[in-house]
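Here's the structure, in C-alpha cells; my notes come after.
Nothing in this text is a laboratory measurement; each read-out follows from the coordinates by a stated rule. Treat the numbers as computed from the prediction; the structure is a model and nothing was measured. Every residue, glycine as well, gets a Cβ built from its backbone with ideal geometry; the counts of neighbours run over all protein chains shown.
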Amino acid sequence: MKLKKLSSLKEGRSIFLNYLAVEKGLSANTIMAYGRDLNKFIGYLKRNKISLTQLKEEHITCFLQKLTRQGLSPKSMARCLSTLKSFFRLLVMEGYLRHNPVAGFSAPKAWKTLPGFLTLEEVEKLLAQPDLRNSRGLRDRALLELMYATGVRVSEVVHLKTTDLHCQERFLICRGKGNKERIIPLGEKAINFIQEYLTRVRPQWIKDDTSIIFLSAWGKGLTRQAVWKIIKKYCQQAGIRRQVSPHVLRHSFATHLLERGADLRSVQLMLGHSQITTTQIYTHVTQSRLRRVYDQFHPRA
C-alpha cells in the first residue's frame, strides 16, 4: 500500500491535535500538554535534520536521553513517551507510516508522589479569612467553600454556570476532562454562602448576561490564575506557610472523605477520575497518616 505524504512535521502535529480534540474529546489543557511534548520532539528532529521516514529507534533513544540530561522527571518522561506513542500510532493508522518506531519503548518507572493536602484545622482557618463585610470577601468565601465541598478542579470551577447549581436538591453538575459530566453533592454550608453571593453580590457585577457563576468586579468570569491568587492570599493571611495551589483543596476534599470512611469508588466518581487507580493514591495518604498515629500512640510501636 502506498503511503500518504505529510507536507511538514507541523501538519502531522495539527492532524494529531485535531484527532485528540475531535475523536478523543480530550480537554484543552491535556491537548496543550501533548502539543508541548510534540514540539520538543519536532524541534529535535529539525535540529538534527531527521525526517519522519528516516526515523529509527536509536533516534528516539537519543531524544529521550537528551530529556533525561535536561533533568526531566520520570513522570514527565513517561508522559512525553506516551505522547509519541499516540502520535505515531495515529500516523500508522492514517497511512503516513508503516511502523510505529516507538512501539517497543516502555516508560520509565514514575514514583507516585503523595498529593499535598491541608489539615482540617488549616481548612477552617483558610475558609475563615475572607471578609464577609464586603462583596469580594463574600464571593471568595463562596468560591473556597464550593471548591472544598466538591473537590472540583480549578479549570472546572471557573466554567461553572448558574444552571449547573441545584441548591434545592443539594448537588452540582460539573463538566470535567473530555467534557464528561458528573454530579457532586453539595453541603449545607457551601450552599448558604453560594446563595448569599448569588443574591447579594453577583447581580451587582453581572454584565453581558453571562451565566458564569464566579465573576470579577468587572463582570468577567474569573481566570484560573485569579483563583490561584485568591487562595494564595488567604493562605498567607491564615499563616499557612507552605505552597498551596487550587489542587491542594481538591486533594484535601478527597483525603478528608477517605479519612472519615468514604469508599474509594464514591470518591472516584466525585473527583471525576476515569480510572480508580488514579484515586488510589489517596489511600497512601491516609495509610501514611495511620502509620504516624500508630507510631505516636501505640505503647509497643
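Remark: relative contact order (the stretch 9-93) = 35 percent; criterion is Cα-Cα distance under 8 angstrom and separation of 6 or more residues. Of Lys177/Lys220; Lys85/Lys220; Lys75/Lys189, which ones are farther than 31 Å apart at the Cα? Exceeds cut-off: Lys85/Lys220; Lys75/Lys189. Multiplying the residue separation of Lys4 and Asp295 by 0.36 nm and subtracting their alpha-carbon distance yields 98.4 nm. Against the main long axis of the alpha-carbon atoms of the chain, helix 224-238 sits at an angle near 50°. Fully extending the segment from Lys189 to Ser155, taken as 0.36 nm per residue of separation minus the present Cα-Cα distance, adds 10.0 nm.
For the chain, the Cα gyration tensor yields ellipsoid semi-axes of 41, 26, 17 Å (square root of five times each eigenvalue, largest first, whole Å). Would you calculate the separation in nanometres between label points at Leu120 and Ser266, each defined as 7 Å from the Cα along the Cα-to-beta-carbon direction? Calculated label separation equals 1.6 nm.
For the chain, relative contact order (Cα pairs under 8 Å, six or more residues apart, normalised by length) works out to 17 percent.
Taking Cβ atoms as reference points and 11 Å as the exclusive limit, the residues near Thr279 contribute a net charge of 0, counting Lys and Arg as +1 and Asp and Glu as -1.
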